[in-house]
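Working notes for the structure below.
The values are calculated or read from the model by the stated rules, or taken from the named source; none is laboratory data. These figures come from a predicted structure and were not determined experimentally. Every residue, glycine among them, receives a Cβ derived from its backbone with ideal geometry; neighbour counts consider all protein chains shown.
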Amino acid sequence: MQDIVFINIGWMVEYRGDIGRDPIRGGHGYIRKNGEGHEAFNFKPKRGLYYGYVPGRNNIRIRNFANHTRDLATGITVVWVARHPENGRYVIVGWYRDATIFKLPQASAWRLGSEHIFCQITAPEAGSKLVPRELRTFPSPDLPQIGFGRSVIYYGNDELNPVVRKFIDSDGTWQGATRKKRKESKRAGGGRQADLAERRRIEKAAIAHATAYYRTAMRDRTCVTSVEHLARGWDLEVRQRSGEILYIEVKGTSGRHPAAELTPNEYEQVNCAEIRSHYVIYIVTEAGTASEKAHIFRYKEAAELVPCWSTDDNRILSFKDCVAARISAPHLAQNDLDTGDFARCVDCVEDERCPSLSNADVLRRLSGAVHRGFDSWRSTFSEQSRAQVCISASLSVSTFRTSETGFRQLVCRPWRP
């Protein structure tokens, strides 16, 4: 006989019935067909009670529990489980303690539209818990896993149940006796540093916002590490309680619309199948003001969805590919080039303006540097230019064209050996 049961439900953030703002994902066939599920109210209390909906026609066998009568079982720990939309694992999203499980579903306090919701479980609000979204990592990969067959109900096993009880008894803080040591990521690459003070102010405000969010969400002031200076393709690393790492790419904007640019290295990480389930794009709008707001995009690859980056309220991130360039040349002696003039020239080209030089002058200077080399002004170039231009022979400079706005733009043609 036992006193614990696991139930597989759809994924939500709050489970308080607001399906429009907090859509339900995954789970059983009814959700995939109708886009809604009655478990959406499982953590919305009414007069001090929670009403737990068990999906489908999978009635819990109350005779499995020690404290049962003909019609109900009492004193049960009900563990609500959902498939994580990013990493695909079954994780605990919440639990009821001292729950009553009825043999047959009972009318609850809630309706979904005009349809009355019938629930098989009730539990006191005190002692029950909904795990915050960012803390839903248990059980971690190195612990016994929760496994459902064709039923949404699982009674656990001798390995799983003790660790889950320990997790619940710790109020969700215990994640296992030992944690696997994380391997240091070898993925790295060149990022770019903005040269405008205002942009840097916005970036710092966005980083501060993301850091504060994860420290609060994880309830751990030491869980966030800045790796901006390492140019790995993300800005922050957040250590979850499970020992797993989230890779946070932070973008800030002064406007209200969540839009940003990704460097080639960042875009590579976004598309990397190895890490994207743990990669987060964190955009802060109106950064550095009293109205700043975070828009958190995560990769979703559930079976019923087209893979995409989206927020918990189903706003989907769109990507528009842009062309960047890499240029290089042989070694150049320092006295062979006026570094100041050239750096100013390249900065003007990237900014689509060059008021002091003709097209021919700019092209002659840039083309000459490409063919002769420019190691000597590498540091000046990286400090002053906002162009996504690094140093290795992969393009040749061809010509200029006039943009729709009337500014001149540099056109690069891929170089083929």
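Worth pointing out:
- Residue list for the stretch 285-302, filter: in contact with an Asp or Glu (Cβ under 9 Å, 6 or more places away or on another chain) and either among the basic types (Lys, Arg) or buried (at least 16 other Cβ atoms within 10 Å of the Cβ) (or both): Thr285, Glu286, Ala287, Glu292, Lys293, Ile296, Arg298, Tyr299, Lys300
- Taking the conditions (1) in contact (Cβ under 8 Å) with a residue 40 or more places away in the chain; (2) buried (at least 17 other Cβ atoms within 10 Å of the Cβ); (3) not aromatic (Phe, Trp, Tyr) in turn, Glu261 satisfies each one other than (2).
- When Gly29, Gly48, Gly35 are checked against the criterion of being on the phi > 0 side of the Ramachandran plot, free of Cβ contacts under 8 Å to residues at least 60 places away in the same chain and of a type outside the set (Phe, Trp, Tyr), a single residue qualifies: Gly35.
- Number of the exception - Arg298 against (1) out of contact with any Pro (no Cβ under 8 Å at 6 or more places or on another chain); (2) outside any loop (DSSP other than H, G, I, E, B); (3) in contact (Cβ under 8 Å) with a residue 60 or more places away in the chain: (1)
- Residue within the stretch 243-250 that is of a type in the set (Val, Ile, Thr), at pLDDT below 95 and within 16 Å of the chain's Cα centre (by Cα) present: yes
- Residues that are at pLDDT 90 or above, in contact with a His (Cβ under 9 Å, 6 or more places away or on another chain) and under 23 Å from Glu301 (Cβ atoms) within the stretch 69-92 comprise Tyr90, Val91, listed in sequence order.
- Residues located in the stretch 15-57, provided they are charged (D, E, K, R) and within 26 Å of Lys166 (Cβ to Cβ): Glu39
- Given (1) assigned to a strand (DSSP E or B); (2) under 20 Å from Gly243 (Cα atoms), index of the condition Val163 fails: (1)
- Hits in the stretch 138-155 - residues which are surrounded by fewer than 19 Cβ atoms within 10 Å (Cβ to Cβ), in contact with a helix residue (DSSP H, G or I) (Cβ under 9 Å, 6 or more places away or on another chain) and not hydroxyl-bearing (Ser, Thr, Tyr): Leu143, Pro144, Gln145, Gly147
- Arg221 fulfils the conditions (1) surrounded by 13 or more Cβ atoms within 10 Å (Cβ to Cβ); (2) at pLDDT 90 or above except for a single criterion, (1).
- Among the conditions (1) more than 25 Å from Ser291 (Cα to Cα); (2) modelled with pLDDT under 90, Glu237 misses just one, which is (2).
- Scan of the stretch 227-260 for residues that are under 29 Å from Pro139 (Cβ atoms), assigned to a strand (DSSP E or B) and out of contact with any Phe, Trp or Tyr (no Cβ under 9 Å at 6 or more places or on another chain), ordered by number: Arg239, Ile245
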